[in-house]
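One structure below.
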Ligand code: SF4
């Protein structure tokens, strides 16, 4: 409950700091620009996972529709999910600049806000692996 309250405070703070209309307008403009046509690899599938309230695990908290769901904590441990074939495939798509194929990633600006040391553009796909075949 405490974490939920923290999230609500942060959301409130974010909306008041940036303004909902202003943020929505900036997001629409960015979707319509050429800026996102080439998808920079996003580090989130390599550094985060998000467990939704029904136990489904998705690559990040920006995936409201659970499009990137690759398992459920009711069925597998977090370690099994983190090393799953499904997440491996997702990571490969990111490194192969196919993030634009994923609708929740297509207009997401988060990778462009990362610092240079978070840039995965040159990370070799051959270094990826998985241990669980689901
Ligand atoms: S591009 Fe955005 S929506 Fe896609 S995994 Fe990264 S942070 Fe999440």
**Study point:** Full-stretch length increase - residue 96, residue 127 - with 0.36 nm per residue and alpha-carbon distance subtracted
**Key:** 9.8 nm
Revision key, fill the gap. Taking 0.36 nm per residue of separation between residue 114 and residue 83 and subtracting their Cα-Cα distance, the length gained on full extension comes to 8.8 nm
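Run the numbers on the stretch 43-134 and let me know its relative contact order in percent, using alpha-carbon pairs under 8 Å that are six or more apart.
Averaging sequence separation for qualifying contacts and normalising by length gives 29 percent for the stretch 43-134.
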Check your understanding: Most exposed first by the Cβ proxy, i.e. fewest other Cβ within 10 Å, how do 88, 112 rank?
Key -> 112, 88
Exercise for review: Mind sorting 102, 110 by how few other Cβ atoms lie within 10 Å of their own Cβ, fewest first?
Suggested key: 110, 102
Practice item. Could you line up 127, 91 from fewest to most neighbouring Cβ atoms inside 10 Å? Key: 127, 91
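Since every read-out is calculated from the coordinates, none of them should be taken as a lab result. Predicted model only: the values in this text are computed from it and were never measured. When we count neighbours, we look across all protein chains shown, and the Cβ atoms used for this are built from the backbone with ideal geometry, even at glycine.
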